[in-house]
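The values are calculated or read from the model by the stated rules, or taken from the named source; none is laboratory data. This structure is a prediction, so every number in the text was calculated from the model and none was measured. Ideal geometry is used to build each Cβ from the backbone, glycine not excepted, and the neighbour counts take in all protein chains shown.
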Amino acid sequence: MDVGLYGLHRGENVDPDLLARRARTAEEAGFESLWVGDHIAMPDSPDEPGRLEAVVALAHLAALTTTIKLGFGVLVLPQRQPVLLAKQLTSLDLLSRGRLIVGIGAGYIEPELAVMGVRLDERGARTDEYLAAMRAVWDDQPFAGDFVTYQGVVQRPRPPQRSPIVIGGHSRAAMRRAVQHADGWYGVYLTPEEAAGALSDLRDAAKVYDRPGHLSELEITITPPPGPVDRETARRYAALGVHRLTIQPLDADMEATVTAGADLLGPP
């Protein structure tokens, strides 16, 4: 099972020097991937840690590193213009030499969606349509939908390859999207028991919805609840069929966890 690191975009990690040191140390220490989340405008709260914008943060991490994979966990797709996002993702994947993993979700925070001009009750429809629109522009195809329509335009350079698409979320709609359209599924802040239930739901979805033949087995990524993860807990996730853990240390433990690297969850 691969081990990724989540959280270098938020809290104390927004400091440029701290971010750079930890990103490079994580790569040297053996982490498989770095993951950042996506919130643009959160409800006012004293508990909000502060965070960097996701695309900018991952582009910066791409420039700071050379081999470690780079994942969105996850982009809130309905609050982003899909043709622009398609261009940003192509550029990021090209400049990172093919290290990008594109995690997307429908979002759930109504004030954040509203300030971006999206109604909560249309976020699912926008997510489906925006994903289709992005794939169309990558393939030089016109597109006509309820929220976005274009023809007679192309994007260059074309994507050097198709980055893996990972669907985040625990809803039935998210499970459907993962089965029908994605290379992987991403569950956030799930204990082993909760992960077992979510993966059971995912298997049920796979019995209902057809998976295209060109897609391989779904890769499963889980971020456990924030805090330390010991080896025994990691084995419990692996036994469920989880392919990757993206751990989010508490701020007080971040430095030690980054330095310890993937060996933290390795075999004794």
Tell me, yes or no, whether the stretch 151-173 has at least one residue that is among the small types (Gly, Ala, Ser), closer than 16 Å to Ala238 by Cα and under 17 Å from the mean Cα position of the chain (by Cα). no
Among the residues of the stretch 122-157, the number that are touching a Ser or Thr at 6+ places or on another chain (Cβ under 8 Å), under 11 Å from Ala86 (Cβ atoms) and surrounded by fewer than 16 Cβ atoms within 10 Å (Cβ to Cβ) is 1
Could you tell me how many of the residues in the stretch 47-80 are at pLDDT below 95 and either among the acidic types (Asp, Glu) or crowded, with 17+ Cβ neighbours inside 10 Å (or both)? 2
Out of (1) closer than 15 Å to Val102 by Cα; (2) in contact with a helix residue (DSSP H, G or I) (Cβ under 8 Å, 6 or more places away or on another chain); (3) surrounded by 13 or more Cβ atoms within 10 Å (Cβ to Cβ), the odd one out for Pro164 is which? (2)
Any residue in the stretch 256-265 that is surrounded by 16 or more Cβ atoms within 10 Å (Cβ to Cβ), within 20 Å of the chain's Cα centre (by Cα) and closer than 18 Å to Gly103 by Cα? no
Report yes if Thr259 is under 23 Å from Arg24 (Cα atoms) and hydroxyl-bearing (Ser, Thr, Tyr), otherwise no. yes
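Could you grab me the full set of residues in the stretch 106-135 that are part of a helix (DSSP H, G or I) and in contact (Cβ under 8 Å) with a residue 60 or more places away in the chain? Give the steps one after another, and end with the answer.
Taking the stretch 106-135 as the starting set, the residues that turn out to be part of a helix (DSSP H, G or I) are 110-115, 120-135.
Across the stretch 106-135, the qualifying residues are Pro111, Glu112, Val115.
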